[in-house]
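The values are calculated or read from the model by the stated rules, or taken from the named source; none is laboratory data. Values in this document were obtained by computation on a predicted structure and should not be read as measured data. FYI the Cβ positions are ideal-geometry reconstructions off the backbone, even for glycines, and counts take in every protein chain you see.
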């Protein structure tokens, strides 16, 4: 496996609250990076830093390295931090269908734009298509595997307050530890407020980050944000709450590729589609647990899985 070149220094220097300006520094650190994105045999992948995204990104990296590309990977805190450079200095992004669609919709039509995502995968993809075409992004085949936002409390809080589903918090004032981009999102702060009637104070500590877990465990926040595939909760004394009013849209994994890059490099499509077909929720959940609980490196877990599936030689 070639040496992985993950550029996160600029993001770390900005702390957890990475701004769009900081993301520009992160993704366009020097002219060499921009040249690498457009050169034959070179590809730049950008994604987020939480364990699940880092693992799937490592799979993309292994696949494209095996296909003969010189791969550069950039990991940042939130989606807007790389979308400004994609397409552009970024060529490929491991994405989630509704997350990408809603962000493109917000960028194009403003914060007050009606959401285009729903729990219907095909309907969400159809609604996204004009935005994808305008942006110059092509989606490859979505995976059966889907990772939605989820919200947790401590087991003690659940037991003491009879809270097992989000609607049990209706009318409550709650501090939520979550990603900075949770604010205003229908699958996060806006949905928790508008659909569930929860008065939310957002603590922007990160998606499924150590700081988010610790804030809930310490009682600084009552509610924390993670994903539906999080296998670390039981061991931490944390419990997921049921999304019983259904604010979570279709968040199937999907490769997003610069349309121009794909036209020049059509050979990236086959291995990425094969990966999407090989993943389901049970498989991905087990792999994430190896990273989040067993603390194996995403690179090692990705390489072993892809070899077992016959996706790399």
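Odds and ends about this structure:
- Breaking point among (1) in contact (Cβ under 8 Å) with a residue 24 or more places away in the chain; (2) assigned to a loop (DSSP other than H, G, I, E, B); (3) assigned by TED's automatic domain parsing to the domain that holds residue 257, for residue 163: (3)
- Residue match in segment 70-81 (condition: modelled with pLDDT under 95 and part of a helix (DSSP H, G or I)): yes
- Residue 289 satisfies every condition listed in (1) surrounded by 14 or more Cβ atoms within 10 Å (Cβ to Cβ); (2) out of contact with any helix residue (DSSP H, G or I) (no Cβ under 8 Å at 6 or more places or on another chain); (3) touching a residue at least 60 places away in the same chain (Cβ under 8 Å); (4) farther than 18 Å from residue 158 by Cα except (3).
- Across segment 79-91, a minimum of one residue is classified as surrounded by fewer than 19 Cβ atoms within 10 Å (Cβ to Cβ), touching a residue at least 40 places away in the same chain (Cβ under 8 Å) and over 17 Å from residue 260 (Cβ atoms).
- Screening segment 232-260 for residues that are touching a strand residue (DSSP E or B) at 6+ places or on another chain (Cβ under 7 Å) and in a helix (DSSP H, G or I) and picking the one that is farthest from residue 195 (Cα to Cα) gives 259.
A quick yes/no check of all residues on (1) in contact with a strand residue (DSSP E or B) (Cβ under 9 Å, 6 or more places away or on another chain); (2) surrounded by 15 or more Cβ atoms within 10 Å (Cβ to Cβ):
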residue: 120; (1), (2): no, no
residue: 142; (1), (2): yes, yes
residue: 145; (1), (2): yes, yes
residue: 157; (1), (2): yes, yes
residue: 161; (1), (2): yes, no
residue: 178; (1), (2): yes, yes
residue: 225; (1), (2): yes, yes
